Amino acid sequence: MKTTPWQTFRFAFLYLNSQPSTYLITTLISNSSYLGWLAILFGSILSFLILWCTVRVGMWNPEKPWLDFGEELVSKWIHVLILLLLSYWAVSYAAVDIESFTLFYGSNYMENTPQWFIQAILGIVIIITARWGFRTIVYLSDGLFLLTVIVLVLTISSFVKDADPNMLTGFFSPHGYDSLSVDTLTVLSYLGEWGVFLFIAPYLKIGWRTMRNLFCAGLLVILAVTLQWALTFLNFGPHLGKMMQYPLIELLRSSVTGIMGNTDPLIIGLWSSSMFIHSAFLIHVASLCLAKVFRTPNLQKTFVTLLGGTATVAAFQFSRDPILYQIQVNSLPVVLFWIIVECIPVYYWIVTLFHSKKQVSDKQEVKTYKELS
């Protein structure tokens, strides 16, 4: 398969945009209120640092995927432990995707449908998509990208006229900085998933062009999240806004007249498709990690089925106490665990600095030895 850099851009946008546009906005309004834009700004800067480290690690050995050359940097067993940690994180994230979508869809459209049924359907779709492989996931992103961007632009532009511009002065309020650091970490946990793009290396050579396109995808996601946060804030205010679990849907439903008032099924369809892409790629990544750990590449699709089923079962366990799940999913310990995993490329990049110095030192010693001889 020949994957172009702009295909990577479209896939990265859909992958990164599926979660923050839906779940991050209410958290920012609840905690940082008027200063949510600062949390987005600081969290985005930190996420781009992780992106830079990711690309640098991928460029350390362009001829081999990170799965293979990672053990040359940190030793075989440390690399195996990191792959197992990454697998656990990916399956957990897929389970969070399934449960979050189940709560949303069950509470808004299928109230009388058992949650386990919705979760089973989602799990089957995710497993099938992940078994098709990275090629199919990228092609699905190609088809959904343009439609998603068009609908997003129409949605944002439709609600600008109803926003209260007098509230803009509050965005520069001198108070409310106490929760800004926590929200910055929360934004980073949503936008810092760059490490998974090391797994595109067999299909696309990681280089500065990859960095450019991933950076552009990240900027587009940040712009979309910032505008949706601002519109929610300017339309509903800080008090009503923090009470909304799904602000974008509420924005659509508040439009009694106009073309956007009845488009929530289309919005939900696009979002659910991007969620499938997000979860399927996570399961794909986890299966590659386990196939590498157990040295059984021929069982990669079998691992996809097992891991997808595990994520579905974990989502069912989450649904047994939805209130506790919603409290803990954005809690500080969970956010910190997410960031620790997402910073894996940073750890490897630090190690590459010492390896580079060691290689230069070895070359100098060889040169000196030859001169003396």
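Summary of computed values
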read-out: Condition check for I150: more than 18 Å from L288 (Cβ to Cβ) and either in contact with a Leu (Cβ under 9 Å, 6 or more places away or on another chain) or surrounded by fewer than 20 Cβ atoms within 10 Å (Cβ to Cβ) (or both); value: yes
read-out: Among the residues listed as L168, L219, L185, the single one being out of contact with any helix residue (DSSP H, G or I) (no Cβ under 6 Å at 6 or more places or on another chain), of a type in the set (A, V, I, L, M) and modelled with pLDDT of 85 or more; value: L219
read-out: Any hit, segment 149-162, residues being at pLDDT 85 or above and of a type in the set (K, R); value: no
read-out: Residue in segment 69-85 that is at negative phi and hydroxyl-bearing (S, T, Y) present; value: no
read-out: Residue check, A163 of a type in the set (G, A, S) and in contact with a Leu (Cβ under 6 Å, 6 or more places away or on another chain); value: yes
read-out: Members of segment 119-140 found to be among the β-branched types (V, I, T) and over 18 Å from the mean Cα position of the chain (by Cα), listed by number; value: I121, I124, V125, I127, I128, T136
read-out: Contacts under 9 angstrom Cβ, first residue in segment 73-100 being more than 20 Å from N61 (Cα to Cα), partner of a type in the set (D, E, K, R), 6 or more apart; value: W89/E342; Y93/E193
read-out: Any pair with Cβ under 6 angstrom, 6 or more apart, that starts in segment 31-56 at a residue that is closer than 20 Å to S21 by Cβ and ends at one that is of a type in the set (V, I, T); value: A39/T184; A39/V187; I40/V187; I40/T226; F42/T184; G43/T184; G43/V187; S44/I222
read-out: Residue match in segment 26-38 (condition: within 16 Å of M211 (Cα to Cα), touching a Ser or Thr at 6+ places or on another chain (Cβ under 7 Å) and not hydroxyl-bearing (S, T, Y)); value: no
read-out: From the options I283, I323, residue that is crowded, with 23+ Cβ neighbours inside 10 Å, in a helix (DSSP H, G or I) and among the aliphatic types (A, V, I, L, M); value: I283
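The values are calculated or read from the model by the stated rules, or taken from the named source; none is laboratory data. What you see is a predicted model, and the numbers here were worked out from it, not measured in a lab. Quick reminder, even Gly has a Cβ in these numbers, built from the backbone with ideal geometry, and neighbours come from all protein chains shown.
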